[in-house]
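Asker: Questions regarding the structure given below will be posed in turn.
The values are calculated or read from the model by the stated rules, or taken from the named source; none is laboratory data. Predicted, not measured: the structure shown is a model, and the values here were computed from it. Methodologically, a virtual Cβ is constructed for each residue, glycine included, from the backbone with ideal geometry; neighbour enumeration extends over all protein chains shown.
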Amino acid sequence: MIVEHLMELSKETLIKIDEVIPKYPEKRSAALMVIHLVQDELGSISDESCSWIADKLSLQPINIKELITFYPMLRETPWGKTHVRVCRTLPCALRGSYGTCKILEDKLGVKEGYVRDDGEYSIEFMECLADCGEGPVVMVGEHTYENIEGKNAEKFAKLLLDKELNSSKEFNSYEETLVVAPPVSKRTNKKS
Amino acid sequence: MIKKSTPKERRIILKHADDPNYSNKIDCYLKNGGYSVLKKAFAMKPEDIGEEVLKSGVRGRGGAGFPAGMKWKFLDRKSGKPIYLICNADESEPGTFKDRQIMYKDPHQLIEGMMIAAYAIQAKQSFIYIRAEFFEGARILERAIEEAKEKNLCGDNILGSSFCCDLVVHRGAGAYICGEETGLIESLEGKRPNPRIKPPYFPAVLGLYQCPTIVNNVETLCNVKHILEMGGDEFAKLGKPNNTGTRIWCVSGHVKKPGYYEFECGALTLGEMIYDVCGGLLPGRSLKAVIPGGSSSKILRADERFTGKLKDGTEFDWGIDDIPLDFDGPASAGSMSGSGGIIIMDDTVDMVEAMANINAFYAHESCGQCTPCREGSLWMRKITKRMCSGHAREEDADLLLSVANQIEGRTICAFGEAASWPTQSFIAKFRDEFELKAKNDHSKPTLQLI
Ligand SMILES: Cc1cc2nc3c(=O)[nH]c(=O)nc-3n(C[C@H](O)[C@H](O)[C@H](O)COP(=O)(O)O)c2cc1C
Ligand code: SF4
Ligand code: FES
């Protein structure tokens, strides 16, 4: 195929793609999973990627394009290097998520829905992230941070800007607390 | 986060979830007796398992509350087509965060429940449709499935029998409508998740690849394990008739201790949940309204009286605090328990702003197939947003209501109702605030929720 040599996917991704397709009774069902794999590596799905994926699944490019343009998490242009998702929906809003988003916008220097000019940061308002009891919820990449509000949000944004969120240990993500299951008191970002 | 059980909780599904010594690895699950119920199931006839589930009276935990045993009975077994089992792990109804706790902290419980269900309905292929925002959740499930396969508890020749059922984790991509079961099926077929019209597309008859398919929620499928463990009749003793088992309630919004709490159905009232379990309202605030079953359910006003007759004939006269937390309680009060997401609002909330926030959700999430839903949800967002920006008009309440009324009942899927019920109920209960907005046209908007 003409498109094949244009795609720059790593060997690992290609292997993963070849593994995921036969898991489904019908090839087309693998579309979302293949798109995820390509997007994880390339950051977005170009027209060229659409054609390549379609080819892989014996579909037409439009069958992939119609997915990219429908699903909120599929992208035609990439987000920033660090992508920040802020939950916007009512339970989080009641806990101040609109204020949180404003703080993040100000500190990171980029408006919600956009990528900063240098490509470092992007912010996205999301609909309910299914963690409403600990809102406002903010995701950085694949990690979920809880109760990011007010002063907490200021501190959070600063650490994020200084690229010290992980090393500071001041904020533990939902995912991190699972692995080690620390006692409740270890969580500094928990309201009393 | 890790939460201690409050004394009155009855944790069955979440029994181990927040135990600091418990992990989501298979060794830990096995040490705690895991997969012993699967062994028990394989010693039974598949149809007998279905009977137990029917006897248990367990109702679906995904939102509609349909009895699971009955749904399984509707399966078209005569067609000879393969049967599919799908776990709905989309968890996208605003205010709901229970399935997350199960999948991240106790994934093997779900896998065991699913393999029992698959055996009972004789499905040879099963899927977990998980929302894409659960990045780590999908990885945890995939790891857990691998672990289970290694021990012959899933996949080929389960427990050395001739029964095989593969289990695949399928990730969505951020669309709420993928929680609607026929939208989910379209999505799993690799298409846009446009819901299908019922009839004829009842999944139990014409589901995935036009084959008979059972779609059940995460919590429902976990319950299958517990039903078989204790027996359908014993399970039915938990909770109340027609409201059996436990439920995981998710409380969010303006209370001191929001969170997820598992109780027997009907074990407590909404008031007990708010004040005893969740520590009451924030200091100096008073209760204004409650949305009892996810953002799609109708809002309840704190000073309302709820009167009527229960199914068993007894009359009731409740204040908001008296509403029993089970399936029938919120329904009797004119709303529904839906997905179990209880959203609490105190007196600081501007109801028009709250409405605008909810409308923005539905406008964003409509799949766009049906004109009333696609256009109506956009107009409702536009109107409420304008109202909050200092441009409210006197006729807005009626305008909103007329848009909502023209969506309800005129669409392919229940999203139409989900989008119109909030508006209808907000206007019915808080019309004064919508009208006041027009009078105070030039007042400075607070704009905290939109
Ligand atoms: C708009 C809409 C969104 C839904 N979202 C979910 C969801 O996120 N999770 C879920 O389990 N059920 C959801 N449902 C309900 C499903 O359609 C279906 O009834 C449910 O998965 C069946 O499982 P159960 O019988 O075990 O509850 C939704 C329904 C509608 C109409
Ligand atoms: S009601 Fe709305 S979400 Fe459901 S099928 Fe119609 S347009 Fe799509
Ligand atoms: S509303 Fe923010 S996680 Fe649900």
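Asker: Taking region B:194-219 as the region of interest, how many residues are surrounded by 24 or more Cβ atoms within 10 Å (Cβ to Cβ) and hydroxyl-bearing (S, T, Y)?
Answerer: Within region B:194-219, residues that are surrounded by 24 or more Cβ atoms within 10 Å (Cβ to Cβ) and hydroxyl-bearing (S, T, Y) number 1.
Asker: Now for a different question. Looking only at region B:72-80, decide whether some residue is within 15 Å of ligand 1 (Cβ to nearest atom) and within 14 Å of B:I158 (Cβ to Cβ).
Answerer: Step one: of region B:72-80, the residues within 15 Å of ligand 1 (Cβ to nearest atom) are B:72-75.
Now restrict to residues that are within 14 Å of B:I158 (Cβ to Cβ): none.
No, because not a single residue in region B:72-80 is within 15 Å of ligand 1 (Cβ to nearest atom) and within 14 Å of B:I158 (Cβ to Cβ).
Asker: To continue, here is another question. Scan region B:203-244 for residues that are within 16 Å of ligand 2 (Cβ to nearest atom) and on the phi > 0 side of the Ramachandran plot and report the count.
Answerer: Final tally of qualifying residues: 0.
Asker: Return a yes/no flag: does region A:112-133 have any residue that is in a helix (DSSP H, G or I) and either acidic (D, E) or closer than 23 Å to B:F97 by Cβ (or both).
Answerer: Here is the first cut: in region A:112-133, the residues in a helix (DSSP H, G or I) are A:132-133.
In the following step, the residues that additionally are either acidic (D, E) or closer than 23 Å to B:F97 by Cβ (or both) were identified as A:132-133.
The answer is yes, given that some residue of region A:112-133 is in a helix (DSSP H, G or I) and either acidic (D, E) or closer than 23 Å to B:F97 by Cβ (or both).
Asker: Is region A:84-102 home to any residue that is within 24 Å of A:E41 (Cβ to Cβ) and within 15 Å of ligand 3 (Cβ to nearest atom)? Write out each step before concluding.
Answerer: Applying the first criterion (within 24 Å of A:E41 (Cβ to Cβ)) to region A:84-102 yields A:84-85.
After this cut, where a residue has to be within 15 Å of ligand 3 (Cβ to nearest atom) as well, the list is A:84-85.
There is at least one residue in region A:84-102 that is within 24 Å of A:E41 (Cβ to Cβ) and within 15 Å of ligand 3 (Cβ to nearest atom).
Asker: Moving on. Are any residues in region B:74-87 out of contact with any helix residue (DSSP H, G or I) (no Cβ under 6 Å at 6 or more places or on another chain) and closer than 23 Å to B:G294 by Cα, and if so, which ones?
Answerer: Passing the criteria: only B:I86.
Asker: Here's a follow-up. Just name the residue that is nearest to ligand 2 (Cβ to nearest atom) out of those in region B:382-420 that are within 14 Å of chain A (Cβ to nearest Cβ) and closer than 18 Å to B:K298 by Cβ.
Answerer: Ranking the candidates gives B:F415 first.
Asker: Shifting gears a bit: I'm told B:K73 meets every condition in (1) more than 14 Å from chain A (Cβ to nearest Cβ); (2) within 16 Å of ligand 3 (Cβ to nearest atom); (3) of a type in the set (K, R) except one. Can you identify the failing condition by its number?
Answerer: Of (1) more than 14 Å from chain A (Cβ to nearest Cβ); (2) within 16 Å of ligand 3 (Cβ to nearest atom); (3) of a type in the set (K, R), only one is false for B:K73: (2).
Asker: Here's something else I'd like to know. Step by step: first the residues of region A:86-128, then only those that are surrounded by fewer than 24 Cβ atoms within 10 Å (Cβ to Cβ) and among the basic types (K, R), then the one that is farthest from ligand 2 (Cβ to nearest atom). Which residue is that?
Answerer: Of everything passing the filter in region A:86-128, A:K107 is farthest from ligand 2 (Cβ to nearest atom).
Asker: Which members of region B:401-426 meet the condition of being of a type in the set (A, V, I, L, M) and surrounded by fewer than 24 Cβ atoms within 10 Å (Cβ to Cβ)? Full working, then the answer.
Answerer: Step one: of region B:401-426, the residues of a type in the set (A, V, I, L, M) are B:401, B:403-404, B:407, B:412, B:414, B:418-419.
Within region B:401-426, B:L401, B:V403, B:I412, B:A414 meet the criteria.
Asker: Would you list the helices (runs of 4 or more DSSP H) that sit entirely within region B:322-423 and hold 2 or more residues that are within 21 Å of the chain's Cα centre (by Cα)?
Answerer: Details: elements: B:328-332, B:351-365, B:371-386, B:396-407.
Fully inside region B:322-423 and qualifying: B:328-332, B:351-365.
Asker: Would you point out which residue out of A:E66, A:E48, A:E41 is under 23 Å from the mean Cα position of the chain (by Cα) and without any contact (Cβ under 8 Å) to a residue 24 or more places away in the chain?
Answerer: On the way: A:E48 fails: without any contact (Cβ under 8 Å) to a residue 24 or more places away in the chain; A:E41 fails: without any contact (Cβ under 8 Å) to a residue 24 or more places away in the chain.
The match here is A:E66.
To keep it simple, each residue is scored yes or no on (1) within 16 Å of ligand 1 (Cβ to nearest atom); (2) at the interface with chain B (Cβ under 9 Å from one of its Cβ atoms); (3) touching a strand residue (DSSP E or B) at 6+ places or on another chain (Cβ under 8 Å); (4) at pLDDT 95 or above.
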residue	(1), (2), (3), (4)
A:K65	no, no, no, yes
A:L74	no, yes, no, yes
A:H83	no, no, yes, yes
A:R88	no, yes, yes, yes
A:P91	yes, yes, yes, yes
A:Y98	no, yes, no, yes
A:I103	no, no, no, yes
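Asker: Here are B:K81, B:K39, B:K45, B:K71: which of them is basic (K, R) and within 18 Å of the chain's Cα centre (by Cα)? Before you say what the answer is, go through the steps one by one.
Answerer: Details: B:K81 fails: within 18 Å of the chain's Cα centre (by Cα); B:K39 fails: within 18 Å of the chain's Cα centre (by Cα); B:K45 fails: within 18 Å of the chain's Cα centre (by Cα).
Only one candidate qualifies: B:K71.
Asker: In region B:192-226, what count of residues is obtained for those that are within 13 Å of ligand 1 (Cβ to nearest atom) and either part of a helix (DSSP H, G or I) or within 22 Å of B:F97 (Cβ to Cβ) (or both)?
Answerer: 11
Asker: Can you tell me which residue within region B:108-144, out of those that are within 11 Å of another protein chain (Cβ to nearest Cβ) and touching a residue at least 60 places away in the same chain (Cβ under 8 Å), is nearest to B:E229 (Cα to Cα)?
Answerer: Once the filter is applied, the top-ranked residue is B:F127.
Asker: May I ask you to verify whether B:G155 is away from ligand 3 (no atom under 16 Å from the Cβ), of a type in the set (G, A, S) and under 24 Å from the mean Cα position of the chain (by Cα)?
Answerer: Values: away from ligand 3 (no atom under 16 Å from the Cβ): yes; of a type in the set (G, A, S): yes; under 24 Å from the mean Cα position of the chain (by Cα): no.
When the stated conditions are applied, B:G155 does not pass them.
Asker: Report yes if some residue within region B:49-64 is more than 21 Å from the chain's Cα centre (by Cα), within 11 Å of chain A (Cβ to nearest Cβ), surrounded by 15 or more Cβ atoms within 10 Å (Cβ to Cβ) and closer than 21 Å to B:I158 by Cα; otherwise report no. Outline the logic, then answer.
Answerer: The initial filter retains those residues of region B:49-64 that are more than 21 Å from the chain's Cα centre (by Cα), namely B:49-52, B:55.
Pick out the ones that are also within 11 Å of chain A (Cβ to nearest Cβ) and you get none.
Checked against the condition, which is being more than 21 Å from the chain's Cα centre (by Cα), within 11 Å of chain A (Cβ to nearest Cβ), surrounded by 15 or more Cβ atoms within 10 Å (Cβ to Cβ) and closer than 21 Å to B:I158 by Cα, region B:49-64 yields no hits at all.
Asker: Working only within region B:363-388, note down all residues that are away from ligand 1 (no atom under 14 Å from the Cβ) and within 22 Å of B:L447 (Cβ to Cβ).
Answerer: B:L378, B:W379, B:M380, B:R381, B:K382, B:I383, B:T384, B:K385, B:R386, B:M387, B:C388
Asker: Moving to a separate point now. Quick check, is B:I158 within 30 Å of B:A363 (Cβ to Cβ) and away from chain A (no Cβ under 13 Å)? If you could, list the steps in order and put the result at the bottom.
Answerer: Details: within 30 Å of B:A363 (Cβ to Cβ): no; away from chain A (no Cβ under 13 Å): yes.
In short, no.
Asker: So which residues in region B:294-307 are within 13 Å of chain A (Cβ to nearest Cβ) and at negative phi? Break it down stepwise before answering.
Answerer: Applying the first criterion (within 13 Å of chain A (Cβ to nearest Cβ)) to region B:294-307 yields B:294-297, B:299.
Result: B:S295, B:S296, B:S297, B:I299.
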